[in-house]
Amino acid sequence: MRLRNEQARQTVPAFVCLLAAALSLPLGLTGCSEPTSTTSGGSNGAGKVDPALQAQRSEEMFVSPAEEKRFVTDTPDTKVAFPEAEFVKGRKLITQLNAAEAEKVLMSKLDDAVKSAAGETKLGQYCARISTALHMEGKDKDALKYAILAGHIFYKQPAEKRPLPLWFFNVHLHQGLGYKKLRIFPEAEKQLRKAINFASSAPAGQVDWNWHRLCLIELIDTLEHEKKTSEVKVVKGELKALEDSHR
């Protein structure tokens, strides 16, 4: 298992780039909502901090109230054009492993993206793409900020305007990896579980099983840091079942 873990972590950049390429899919709105079923075990337990409050506190470390307002709740300015060319170019650069240039291109038009699509799915996708580039560069705090903002925008949408499950998987994966890198293990666990739920429930072909496998491996490592021995066993069983099904 330890060897598998190391091999999986070495493939993270490639998985992220493949994910970015997949995110070149058309908007393809499907009314996606967060899966209500929980996989990989886990429970809050009595006497613990309210998970919603705990999550809010964690997010406030990376997203200010002013940024939340500007990106998520403000009204779009119809006089400003959405930077579609930069959005597409950013994805192309990411698939070419040129994350630094992708960041430069996407950030150059971020202000226009926010003004033209505040609170809308398009801005969430733009933020998710920035998060991918930043994660590839190892800029974990900045990557977390844009993944959080993207998630807030996606979940705000009515069902018919929510993006494909792959976009939700993307933002939860990057939050999980980001929190884990910063050793904020309870939030890493939460976000990785959400990514796993999307990987499990997404329509066939949207989330490659290797990304699902990666999330399970990262969740196992997170749970080991949290010393949740019994839950580690459960997730290892899920990982084995997934790998056996793809032999």
Contour minus Cα-Cα span, SER64 to LYS240, at 0.36 nm per residue, comes to 59.3 nm
Here, LYS181 and ASN98, labelled 7 Å along Cα→Cβ, have an inter-label distance in nm of 2.2
With 0.36 nm assigned to each residue of separation and the Cα-Cα distance removed, LYS89 to GLU137 gains 15.5 nm
For region 126-247, shape from the Cα gyration tensor axes a ≥ b ≥ c, cut at a/c of 1.5 then a/b versus b/c, turns out oblate
Ranked output for segments 104-110, 80-86, 217-223 by mean other Cβ atoms within 10 Å, highest leading, reads 217-223, 104-110, 80-86
Yeah, region 80-176 with a ≥ b ≥ c from its alpha-carbon gyration tensor (a/c under 1.5 is rounded, else prolate when a/b outruns b/c, oblate otherwise) is oblate
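Where a number appears in this text, it was derived from the coordinates with a stated rule and is not lab data. Note that the coordinates shown come from a computational prediction; the quantities given were computed from them, not determined experimentally. Virtual Cβ from ideal backbone geometry, glycine too; neighbours counted across all protein chains shown.
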